[in-house]
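The values are calculated or read from the model by the stated rules, or taken from the named source; none is laboratory data. These figures come from a predicted structure and were not determined experimentally. Glycine gets a Cβ as well: all are built from the backbone with ideal geometry, and neighbour counts include every protein chain shown.
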Amino acid sequence: MTRRGTAAVLLFAVLINLPFLGKAYSLDAPYYLAIARQILAHPRHPLAFSYNWFGTLAPVAGFQHSVLVPYLLAPLLALTKGREALMRLCLLPVDLLAAVSLYGLAAEFLQEPLWPALIVLACPSFFLCMPQVMLEAWIVALSLASLWALAASFRPGRGRWFWASALLASTAIVIKHTAVFLLPLLLAELVRRKVPPRRLAAYMLLALAPAAADALWLEPWRLRATESLSSGISPLFQLRTFLAFAGGCGAVTLAWPYARAESPRRSHALRAVAALAAVLLLFSPIADARGAPIRLLDRATGILFAWPALLALLELAEPKARARPGWGLWAAWIAADSAMLLLAPWNLSGRSMLFLLPPLILSSASRLESALEPRRLRRVYAASLAGTLALSLALGWVDARYADAQRELAASVQRALIDRGRRVWVNGHWGFQYYMEKAGAVEMDARAGGWKEVRPGDAVVFPSVNVVTLRRDAGVWRLPPAAVVESRVPLRLMSFRSSQAGFYSNLWGFLPFALSREPIDAFRIVTTRADKR
């Protein structure tokens, strides 16, 4: 790890954040901003209010989660007044911590750590998810910092980093329970490093104690399990998503498994054929769940993404792989996170890959270093970075178009209806709900009647690509033509009608993104007069 490399990775992290600083809020960001606003008004009672976030007005305290990040967001919200670009600039240090920790961790095990670190940062999952105002960015940064500190603590003169690693891990787990995957990973690394039992026990106690002291920390796990089990996602579909997302979000994993020279060609060919056969079976119609037919293009894309990802995972079991620097950490990391993603009953998404991509890409980089001479290795890295960044920029443009369209629609509805005294109901979620409520609309409440709350003279606005939308009585409500959001970039992160794009939730499909020209989204505005016709 050099000063020049550190400066380069920090500068890169800043530059990839600049193009979309002003992008509208989306996903769960409005929820955490709502808690931050409550903290500004009532600092001692952060959860003492009700909020309609899942289609019903309910006490926020019932959602059971840590309020550490909202407390950190509150002063930033007061400073920025919620302006998107300023808020993201204030949160940039979180991205920078993740970037420098990733580079430091790579430098502990790789001869050329800078290129792989930049490639991880440029991957679609990091590029799209880290700038979001959500908890994942914080726990990714803290988790990477914890692992880097632990790896560095075994060097002479860095003994204090050992305890810093435990504190960083405990903070990540307190922020969100999904960081619990760190515990088996850290334990495996401590055992592998032959840490004395008492020192090991003290480390694990320090890492776990803050989360254990929070008596509510297990409750979100139960709530998430209940929500996800009700979605009806099958294990085969979960496995499809896992492999397709690992390949598609990782991008470089599509080519790197083939850039090798140290193994006999025959054994590599046999493994590649076996992996392809398994992937073909997994993506065949036999393994399809009941529902809409799957496009041949999406099925082929899934195979293209999943096959090399499976190869990259299988190659960790090679006898030669165990002799490479960092193999123990990468293998334990991938195993712990894969088990959490495949066995835990929640939906997979692009942000689920934030924890899997670093060990997957860094372990592949270690393999490349042993297979390629330095000049060729740098050419492979440069081409990989250029291709990954181009893909992420294209996806980032589509994602910004999706988010910004909701902000633009809210502004137009405010001018056309709300400012003229019409009552407007919101039937949607995520950033759409945030901007509509900010414009003066009211979120529908299922417990209060949903569509039955609408009175003559009211209007209802709802999107097509969203969650928690309340169903209407088709016999009563007639829908007007939709206002369609288009994009010339033929990539989609979430499916509108036919593709399997499900970057923000595999409830939409098993692909992180799909080749498609279907609309990005479509909005409908139902207005009423004397009766509901």
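Might you let me know whether the range 16-36 holds any residue that is more than 21 Å from the chain's Cα centre (by Cα) and in contact (Cβ under 8 Å) with a residue 60 or more places away in the chain? Looking for residues that are more than 21 Å from the chain's Cα centre (by Cα) and in contact (Cβ under 8 Å) with a residue 60 or more places away in the chain, one finds none in the range 16-36, hence no. Determine which member of the set ALA137, ALA85 is free of Cβ contacts under 8 Å to residues at least 60 places away in the same chain, in the same structural domain as MET204 (by TED's automatic domain parsing) and in a helix (DSSP H, G or I). Answer to the check: ALA137.
If I ask for residues that are exposed (fewer than 15 other Cβ atoms within 10 Å of the Cβ) and part of a helix (DSSP H, G or I), which ones from the range 312-335 would you list? Outline the logic, then answer.
Applying the first criterion (exposed (fewer than 15 other Cβ atoms within 10 Å of the Cβ)) to the range 312-335 yields 317, 319-320, 322-323, 325.
The answer is ALA317, LYS320, ARG322, ALA323.
Selection of the range 155-198 for residues being farther than 23 Å from ILE334 by Cβ and without any contact (Cβ under 8 Å) to a residue 24 or more places away in the chain yields ARG155, PRO156, GLY157, ARG158, GLY159, ARG160, TRP161, ALA164, PRO196, PRO197, ARG198.
Scan the range 268-298 for residues that are part of a helix (DSSP H, G or I), over 29 Å from ARG367 (Cα atoms) and of a type outside the set (Asp, Glu) and report the count.
Start the filter on the range 268-298 by keeping residues that are part of a helix (DSSP H, G or I), which leaves 268-282, 285-287, 296-298.
Remaining after also requiring over 29 Å from ARG367 (Cα atoms): 285-287, 296-298.
Narrowing the set further to residues that are of a type outside the set (Asp, Glu) leaves 285-287, 296-297.
Of the residues in the range 268-298, 5 are part of a helix (DSSP H, G or I), over 29 Å from ARG367 (Cα atoms) and of a type outside the set (Asp, Glu).
The single residue among ARG379, ARG367 that is over 23 Å from LEU128 (Cβ atoms), part of a helix (DSSP H, G or I), more than 27 Å from the chain's Cα centre (by Cα) and not assigned by TED's automatic domain parsing to the domain that holds PHE503 turns out to be ARG379.
Please work out if LEU389 is under 18 Å from the mean Cα position of the chain (by Cα) and assigned by TED's automatic domain parsing to the domain that holds ARG192. Spelling it out, LEU389 is indeed under 18 Å from the mean Cα position of the chain (by Cα) and assigned by TED's automatic domain parsing to the domain that holds ARG192. Restricting the range 504-518 to residues that are assigned to a loop (DSSP other than H, G, I, E, B) and within 16 Å of VAL489 (Cα to Cα) leaves a set whose member that is nearest to the chain's Cα centre (by Cα) is PRO512.
Return yes when GLU518 is surrounded by fewer than 20 Cβ atoms within 10 Å (Cβ to Cβ) and modelled with pLDDT under 90 and no when it is not. Step through it out loud before you land on a result.
Values: surrounded by fewer than 20 Cβ atoms within 10 Å (Cβ to Cβ): yes; modelled with pLDDT under 90: no.
Judged against the criteria, GLU518 is not a match.
Could you tell me whether the range 429-449 includes any residue that is free of Cβ contacts under 8 Å to residues at least 24 places away in the same chain, under 19 Å from THR469 (Cβ atoms) and not in a helix (DSSP H, G or I)? Yes, the range 429-449 contains a residue that is free of Cβ contacts under 8 Å to residues at least 24 places away in the same chain, under 19 Å from THR469 (Cβ atoms) and not in a helix (DSSP H, G or I). Just one residue in the set ALA41, ALA98, ALA58, ALA48 is modelled with pLDDT of 90 or more and either more than 22 Å from the chain's Cα centre (by Cα) or over 29 Å from ASP399 (Cα atoms) (or both); that residue is ALA41. Every condition in (1) exposed (fewer than 14 other Cβ atoms within 10 Å of the Cβ); (2) β-branched (Val, Ile, Thr); (3) closer than 26 Å to TYR504 by Cβ holds for THR2 except the one numbered (3).
Please go through the range 23-80 and give me each residue that is part of a loop (DSSP other than H, G, I, E, B) and either more than 21 Å from TRP138 (Cα to Cα) or of a type in the set (Phe, Trp, Tyr) (or both), ordered by number.
Selection gives TYR25, HIS42, PRO43, ARG44, HIS45, ALA48, PHE49, TRP53, PHE54, GLY55, THR56.
Table: residues versus (1) in the same structural domain as ALA371 (by TED's automatic domain parsing); (2) within 21 Å of the chain's Cα centre (by Cα); (3) at pLDDT 90 or above.
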| position | (1), (2), (3) |
| --- | --- |
| GLN238 | yes, yes, no |
| GLY250 | yes, yes, no |
| ARG266 | yes, no, no |
| LEU270 | yes, no, no |
| PHE283 | yes, no, yes |
| LEU296 | yes, no, yes |
| LEU314 | yes, no, no |
| GLU318 | yes, no, no |
| GLY326 | yes, no, no |
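Scanning the range 274-322 for residues that are farther than 23 Å from CYS249 by Cα and among the β-branched types (Val, Ile, Thr) turns up just one, ILE286.
Scanning the range 158-181 for residues that are crowded, with 16+ Cβ neighbours inside 10 Å and modelled with pLDDT under 90 returns ILE173, VAL174, ILE175, LYS176, HIS177, THR178, ALA179, VAL180, PHE181. Determine whether the range 420-440 contains at least one residue that is over 26 Å from SER505 (Cβ atoms) and β-branched (Val, Ile, Thr). Looking through the range 420-440, at least one residue is over 26 Å from SER505 (Cβ atoms) and β-branched (Val, Ile, Thr). Scanning the range 336-356 for residues that are surrounded by fewer than 24 Cβ atoms within 10 Å (Cβ to Cβ) and of a type in the set (A, V, I, L, M, F, W, C) returns ALA336, ALA339, MET340, LEU341, LEU342, LEU343, ALA344, TRP346.
Quick one: would you say VAL442 is crowded, with 20+ Cβ neighbours inside 10 Å, among the hydrophobic types (A, V, I, L, M, F, W, C) and either closer than 18 Å to PRO463 by Cα or not assigned by TED's automatic domain parsing to the domain that holds ALA501 (or both)? Outline the logic, then answer.
Values: crowded, with 20+ Cβ neighbours inside 10 Å: no; among the hydrophobic types (A, V, I, L, M, F, W, C): yes; either closer than 18 Å to PRO463 by Cα or not assigned by TED's automatic domain parsing to the domain that holds ALA501 (or both): yes.
In short, no.
Only residues that are in contact with a Gly (Cβ under 9 Å, 6 or more places away or on another chain) and at negative phi: list them for the range 17-30, please. The answer is PRO19, PHE20, LYS23, ALA24, TYR25, SER26, ALA29, PRO30.
Any residue at all in the range 35-44 that's surrounded by fewer than 14 Cβ atoms within 10 Å (Cβ to Cβ) and more than 23 Å from THR171 (Cα to Cα)? Within the range 35-44, one or more residues are surrounded by fewer than 14 Cβ atoms within 10 Å (Cβ to Cβ) and more than 23 Å from THR171 (Cα to Cα).
Residue under question is PRO124, and the condition is that it be in the same structural domain as ALA172 (by TED's automatic domain parsing), over 12 Å from the mean Cα position of the chain (by Cα) and not basic (Lys, Arg); does it hold? Reasoning before the result, please.
Working: in the same structural domain as ALA172 (by TED's automatic domain parsing): yes; over 12 Å from the mean Cα position of the chain (by Cα): no; not basic (Lys, Arg): yes.
No: the conditions fail for PRO124.
The one condition from (1) in contact (Cβ under 8 Å) with a residue 40 or more places away in the chain; (2) not in a helix (DSSP H, G or I) that TRP425 does not meet is (1).
Taking the numbered list (1) in contact with a Leu (Cβ under 6 Å, 6 or more places away or on another chain); (2) closer than 16 Å to ALA106 by Cβ in turn, ALA332 passes all entries but (2).
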